[in-house]
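Asker: This is the structure I have questions about; it appears just below.
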Amino acid sequence: MKSKVPAYPYFGWMAVFTIIPMLFVLYFAFIGDDGQFTLDGFRRLADPYMIAIFLKSLWLALLTTIICLLIAYPMAYILSRMKLNTQRTMMLLVMLPMWMNFLLRIYAWMMLLENNGLINKLLGFIGLGPFQLIGTTGAILAGMAYNFLPFMVLPIYSVMTKIDGSLIEASQDLGCNFFGVLRRILLPLSFPGVITGITMVFVPAASTFVISQRLGGGELMIGDVIEMYFVGAEPNFNTGASISLVLMLVILIGMGIMNLFDKDEMEGMLI
């Protein structure tokens, strides 16, 4: 029987940095400043303005996930078909931005998108612009897609590298065109990586707040609202924890729906 001792540090890490913080969120979601049980934090979520922010945040997170998937899937496939040394170099380039501070990457996008930024200056050379790029929803989507793209590329790439190239060659020999190979071979075999990538992008995108503050021109997302309730001028832990708990439940429900696409259903695509 294998020893469980090596897993104890992991359990300790999970307890200190995951379970205990979640218990604090659960506590403050139902306990007010006076120490009494309350549902006031959840009642504030019924405000139409709060509902609009919540839905907009989920919509932007969904759009970001779709954009990342559309970019990452062909990128991961191309990388997986390269020579091994080239794959390592390209994956290093994909991961390189992640070695920089998150805020530095956001400020770099601000310099690119501002009215006198690099993009508008380049457009000015050909007689176009300046355009209002920063302070828009498009700027938020660009910043989110850029920052979360590696989280989509990595899981899909790791699955793509395990797909035997002879399967693709055999399907082509049997008359499959590109779309046939994509539908019958690539998508079913890479689906676990796609699900992982969607989860890894959607979860942080739904709760992000720095990107919208810096690139959205003050446009609020649900992460901004949660931050204001915790560290704002007039903090309210009860409301902040209530919103966090509801957002967590929505994300968990979404992940549960994604898991409904189980392996048996994907194997049906191979027929």
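All of the numbers you see were taken from the coordinates with simple rules; none came from a lab. The model shown is predicted, which means the values in this text are computed figures rather than measured ones. When we count neighbours, we look across all protein chains shown, and the Cβ atoms used for this are built from the backbone with ideal geometry, even at glycine.
Asker: Relative to the compact globular guide of 2.2 N^0.38 Å, what is the alpha carbon radius of gyration of the chain, as a ratio?
Answerer: 1.21
Asker: Whole-Hz ³J(HN,Hα) for each residue in region 91-99, computed from phi via Karplus 6.51 cos²θ - 1.76 cosθ + 1.60 with θ = phi - 60°, x for glycine and proline: what do you get?
Answerer: Result, rounded to whole Hz: 5, 4, 5, 5, 7, 3, x, 5, 7.
Asker: Now, a different point. Taking a virtual spin label 7 Å from the Cα of Phe131 along the C-beta vector, which residues in region 186-224 bring their backbone nitrogen under 17 Å of it?
Answerer: Only 216 pass the distance filter.
Asker: Oh, and also: For the pair Leu93 and Ala52, how long in nm is the line joining their label points, each one 7 Å along Cα→Cβ?
Answerer: 4.3
Asker: For n ≥ 4 DSSP H runs only, could you compute -39500 (n - 2.57) per run for the chain, divide by its residues and tell me the 222 nm figure to the nearest 500?
Answerer: -22000 deg cm²/dmol
Asker: Which ordering of Cys176, Cys68 is given by a fewest-first count of other beta-carbon atoms within 10 Å?
Answerer: Lowest count first: Cys176, Cys68.
Asker: Work out from phi, with θ = phi - 60° and the Karplus expression 6.51 cos²θ - 1.76 cosθ + 1.60, the ³J(HN,Hα) of each residue of region 69-74, listed in order in whole Hz, and give x for Gly and Pro.
Answerer: Whole-Hz 3J(HN,Hα) from phi for region 69-74: 5, 5, 7, 6, 5, x.
Asker: Tell me, what ³J(HN,Hα) does each residue in region 151-166 have, in order and in whole Hz, if you take phi through Karplus 6.51 cos²θ - 1.76 cosθ + 1.60 with θ = phi - 60° and put x for Gly and Pro?
Answerer: 5, 8, 5, 4, x, 5, 5, 4, 7, 4, 5, 8, 7, 5, x, 5
Asker: Amide H neighbours of Ile31 under 5 Å, counting only residues 5+ apart in sequence or on other chains, H built in-plane at 1.01 Å?
Answerer: For Ile31, whose amide H was placed from the backbone, the distant partners under 5 Å are Thr38.
Asker: For a test of understanding, tell me how many lysine pairs in the chain have Cα atoms under 30 Å apart, given they are 8 or more places apart or on different chains.
Answerer: The result is 7.
Asker: Can I ask one more? So for each of 17-29, 93-105, 157-169 I average, over its residues, the number of other beta carbons within 10 Å; can you give me the resulting order with the highest mean first?
Answerer: Numbers: 17-29: 13.3, 93-105: 11.5, 157-169: 14.9.
In descending order of packing, they fall as 157-169, 17-29, 93-105.
Asker: What is the extension gain from Asn85 to Met258, computed as 0.36 nm multiplied by their sequence separation minus the C-alpha to C-alpha distance, in nm to one decimal?
Answerer: Extra length from Asn85 to Met258 when fully extended: 58.8 nm.
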